[in-house]
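Right, one structure below, let's go through it.
The values are calculated or read from the model by the stated rules, or taken from the named source; none is laboratory data. On a predicted model such as this, the values are computed, not experimentally measured, just so you know. With ideal geometry, Cβ positions are generated from the backbone for all residues, glycine too; neighbour counts draw on all protein chains shown. Heavy atoms of the whole protein, side chains included, go into the accessibility calculation; ligands, DNA and RNA do not. Shrake-Rupley method; radii C 1.70, N 1.55, O 1.52, S 1.80 Å.
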Amino acid sequence: MEKHYAVIGDPIEHSLSPGMHNAGYAALGVNAEYQRFHVKPGQLAEAVEGLCALGYSGWNVTLPHKEHIIPLLDSLTPEAKRAGAVNTVKIHEGKRIGHNTDGAGFIRSVEGYLNGFKGKNAVLLGGGGAAKGIALALVEQGMNIHILNRTREKGIELVELIKHWGGTATSGEFAPGDWLTDVDLLVQTTSVGLHDEPFPFSIKGIFSQTLVVDIIVNPKETSLLKEAKKQGCRVLNGLDMLLYQGTLAWEFWLGGQAPVEEMRQALKKQLLQRMFYKG
Ligand SMILES: NC(=O)c1ccc[n+]([C@@H]2O[C@H](COP(=O)([O-])OP(=O)(O)OC[C@H]3O[C@@H](n4cnc5c(N)ncnc54)[C@H](OP(=O)(O)O)[C@@H]3O)[C@@H](O)[C@H]2O)c1
């Protein structure tokens, strides 16, 4: 019997997940299909009932529903509980289980570049939903976290949450500072750069061994990554984070191992097509 999966969000047209998951099903001959649905904030409860009534086996959840969906679910995995957000739902024996693969997807994307996490320093630029998931996953790996968010209070709130889960964290001004010379991993999680605009401040003088990650997927290389390269740093964009949150969701739903390379190629193909059409 064909299985049905989807991603829900608002907006949703830009989502690369259907192409990525459907390519994975085709590669392994899995009898399933993955769709995208535009679900506005006031329609979330109805949409969840509808997906269940239609026999969906699971779905991904993106902005702005990752927190609001929680009361509509039967249980949460420890990852979803810790993040306070759900990006993956599985229907198991009629129950709705909320899970979160964003943090683990980020860890998987960077682990090959870092020689371990424990006791090292991570600086996060931003304090929104993505920063929260990444920060809690890095804390679980034993990293010390320094949060720099434009709205200082949100950065402080995230520090409190990290401490609540037993981690070590501080916050500071959204600006260059002493942290530049004492950072192993710099993660840019704000939406600045989505439209190729320059980053609000320079990272000149950053420790050249730092791995600099900008979780933006498109453009491929933001102005922050360009500057980091000039400083001699290794750089990574958000493609692998997107890929691994998807492969982990796949494995949560279907078991086994997701076809990572086929799913990566499907993401790249869609991005190339978009660049072509934009031009
Ligand atoms: N690669 C992936 O798989 C992946 C996954 C999730 C998200 N993302 C990307 O991550 C980015 C953030 O997503 P999110 O879910 O965290 O969004 P969000 O919850 O809305 O948070 C947005 C963050 O950006 C900051 N910000 C926005 N405009 C700014 C500006 N002009 N100057 C400084 N800071 C600014 C906000 O700071 P304030 O608190 O001061 O407003 C906040 O920290 C998006 O670009 C998204 O595409 C990538």
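Laid out as a table, the results:
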item	result
Gain on full stretching of the segment that runs from residue 221 to residue 157 - 0.36 nm per residue minus C-alpha separation	20.0 nm
Accessible-area ranking of 96, 36, largest first, probe 1.4 Å	36, 96
Percent antiparallel among DSSP beta bridges (both partners in the chain, rounded to 5)	20
Equivalent ellipsoid dimensions for region 104-237 as semi-axes, Å, which come from the Cα gyration tensor, largest first	21, 17, 14
List 59, 165, ordered by accessible area with a 1.4 Å probe, largest first	165, 59
Solvent-accessible area of residue 170 with every protein chain in place, 1.4 Å probe, in Å² to the nearest 10	80
Between helix 17-28 and the chain: long-axis angle, C-alpha atoms, 0 to 90°, nearest 10	60
Distance between region 24-59 and region 107-145 - C-alpha centres, whole angstrom	30
Theoretical gain in end-to-end length, residue 202 to residue 114 [0.36 nm per residue, Cα-Cα removed]	29.3 nm
Choice from 26, 83, 122 showing the highest fluctuation, given a GNM over the chain with Cα pairs closer than 10 Å	26
Helix-only mean residue ellipticity at 222 nm for the chain, each DSSP H run of n ≥ 4 adding -39500 (n - 2.57), per residue, nearest 500	-11500 deg cm²/dmol
Sparse-neighbour loop sites [GluC sites (Glu not before Pro); region 13-115; at most 16 other C-beta within 10 Å; DSSP]	13, 67, 93, 111
Angle in degrees between helix 129-140 and the longest Cα principal axis of the chain, rounded to the nearest 10	70
FRET efficiency, 1/(1 + (r/R0)^6) with R0 22 Å, evaluated for residue 274 and residue 175 via beta carbons	0.10
Tilt relative to the chain, helix 152-164 - C-alpha long axis, 0 to 90 degrees, to 10	70
Values of log10 I(q)/I(0), in the order q = 0.15 Å⁻¹, for region 176-231 under a Debye, Cα-only, solvent-free model	-0.38
In order through region 95-101: 3J(HN,Hα) via Karplus (6.51 cos²θ - 1.76 cosθ + 1.60), integer Hz, x for Gly, Pro	9, 9, 9, x, 9, 9, 10
Under Karplus coefficients 6.51, -1.76 and 1.60, residue-wise ³J(HN,Hα) of region 221-231 in Hz, glycine/proline x	10, 6, 5, 5, 5, 4, 5, 4, 4, 4, 7
Probe 1.4 Å, all protein chains present, accessible-area order of 109, 202, largest first	202, 109
For the chain, alpha-carbon Rg relative to the globular expectation (2.2 N^0.38 Å, N residues)	1.00
Interchain or long-range residues, amide H under 5 Å from residue 188's placed H	125, 213, 214, 215
Vicinal HN-Hα couplings computed from phi for region 8-16 (Karplus, 6.51 cos²θ - 1.76 cosθ + 1.60; Hz; Gly/Pro x)	10, x, 8, x, 9, 4, 6, 4, 8
Whole-angstrom gap from region 147-173 to region 231-256, using each part's C-alpha centre	25
Sulfur and carbon atoms: percent of accessible area, region 57-181 [1.4 Å]	50
With DNA, RNA and ligands ignored, accessible area of residue 252 (1.4 Å probe; Å², nearest 10)	40
Spacing of the two label points (7 Å from each Cα toward its C-beta) at residue 81 and residue 63, in nm	2.9
Long-range amide H partners of residue 111 with built H, under 5 Å	none
Distant-in-sequence amide H partners of residue 32 (H built 1.01 Å from N, under 5 Å)	3
